[in-house]
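The values are calculated or read from the model by the stated rules, or taken from the named source; none is laboratory data. Because the structure is a prediction, the values reported are computed rather than measured. Here the Cβ positions follow ideal geometry from the backbone for every residue, glycine too, while neighbour counts run over all protein chains shown. Note: accessible area is taken over every heavy atom of the protein model, side chains too, but ligands, DNA and RNA are not part of it. Shrake-Rupley method; radii C 1.70, N 1.55, O 1.52, S 1.80 Å.
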Amino acid sequence: MTQIRLIDIKKDILAGNKLEADEIRSNLRENKLFMLNIMSSPGSGKTSLILKTIEALRNDLRIGVIEGDIESMVDSERIAQTGRPVVQLRTGGACHLDATMIGAALNKLNPADLDLVIIENIGNLVCPAEFDTGANMNVVILSVPEGDDKPLKYPLIFSVCQVLIINKIDYLELTDFDISALRERVCRLNPGITIIEVSCKTNEGIDRWAALLKEKMG
């Protein structure tokens, strides 16, 4: 019987990606630059949160943005209107950003001119959680209209993130979204996670989020 040789493609890809991500973090330290990776479903408010973060910290931090999208440049155009540097990563079908992509985008930014780089990852709750981008901190956004059961369906993304942003809390009175149940489910997966409730529409919670980010940056 012929011997079957197994090549674990996913394992090899993730291992190689991790090496590149570690190199990115090393370069970030050398340049005293902090990088934040924001992940979520489409429509949860990633771009809105980035815009609110830029506004809240405009006098404190020099911020650049890496925008990931399968095709459109709409979000990059919104960021560009703030006057902040932005690099678009158009994946053409890939459902996540990885360390190689982020490394290429960072090469288009000038680290000496920045304190913080924010990555807006591709909109889904599965693939982005598997790939280390080299970021110093991972954030997942869950919006109220999505429902409080997402940690049960997509546990990995809530396990690898240091912060959970519950966005669109201005919708709470219109739904049966149970924040207590959500908190319990997330903390069971990730006891050390920080959870912040915000509304990008009313600005509720944005100051707390900005303060936490500055604290994490040291």
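Okay, here's what the table says:
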read-out	value
Subset of segment 78-98 [part of a loop (DSSP other than H, G, I, E, B) and of a type in the set (Lys, Arg)]	84
Selection count where residues are in contact with a strand residue (DSSP E or B) (Cβ under 7 Å, 6 or more places away or on another chain) and either open to solvent by 20 Å² or more (accessible area, probe 1.4 Å) or modelled with pLDDT under 95 (or both), scope segment 148-168	4
Pairs, first free of Cβ contacts under 8 Å to residues at least 60 places away in the same chain and over 21 Å from residue 35 (Cα atoms) in segment 146-162, second open to solvent by 50 Å² or more (accessible area, probe 1.4 Å) and assigned to a helix (DSSP H, G or I), C-beta under 7 Å, six or more apart	151/185; 151/189; 152/185; 155/189
Segment 98-131, residues that are touching a residue at least 60 places away in the same chain (Cβ under 8 Å) and over 15 Å from residue 27 (Cα atoms)	98, 118, 119, 120, 121, 123, 124, 125, 128, 129, 130, 131
Residue tally, condition closer than 19 Å to residue 87 by Cα, among the hydrophobic types (A, V, I, L, M, F, W, C) and open to solvent by 20 Å² or more (accessible area, probe 1.4 Å), over segment 110-147	1
Counted residues, segment 189-207 - those being of a type outside the set (A, V, I, L, M, F, W, C) and surrounded by 13 or more Cβ atoms within 10 Å (Cβ to Cβ)	7
Some residue of segment 134-147 being of a type in the set (Val, Ile, Thr), under 18 Å from residue 44 (Cβ atoms) and touching a Lys or Arg at 6+ places or on another chain (Cβ under 8 Å)	yes
Segment 73-83, residues that are over 18 Å from the mean Cα position of the chain (by Cα) and not hydrophobic (A, V, I, L, M, F, W, C)	77, 81, 82, 83
Positions within segment 78-99 being in contact with a strand residue (DSSP E or B) (Cβ under 8 Å, 6 or more places away or on another chain), basic (Lys, Arg) and either over 23 Å from residue 17 (Cα atoms) or open to solvent by less than 50 Å² (accessible area, probe 1.4 Å) (or both), in sequence order	84
Residue match in segment 175-182 (condition: touching a Phe, Trp or Tyr at 6+ places or on another chain (Cβ under 9 Å) and either in contact (Cβ under 8 Å) with a residue 24 or more places away in the chain or over 18 Å from residue 89 (Cβ atoms) (or both))	yes
Residue selected from segment 62-77 under the condition at pLDDT below 95 and outside any loop (DSSP other than H, G, I, E, B), by the criterion most open to solvent (accessible area, probe 1.4 Å)	77
Residue in segment 56-68 that is in contact (Cβ under 8 Å) with a residue 24 or more places away in the chain and in contact with a His (Cβ under 9 Å, 6 or more places away or on another chain) present	yes
Hits in segment 20-46 - residues which are assigned to a helix (DSSP H, G or I), surrounded by fewer than 20 Cβ atoms within 10 Å (Cβ to Cβ) and of a type outside the set (A, V, I, L, M, F, W, C)	20, 22, 23, 25, 26, 27, 29, 30
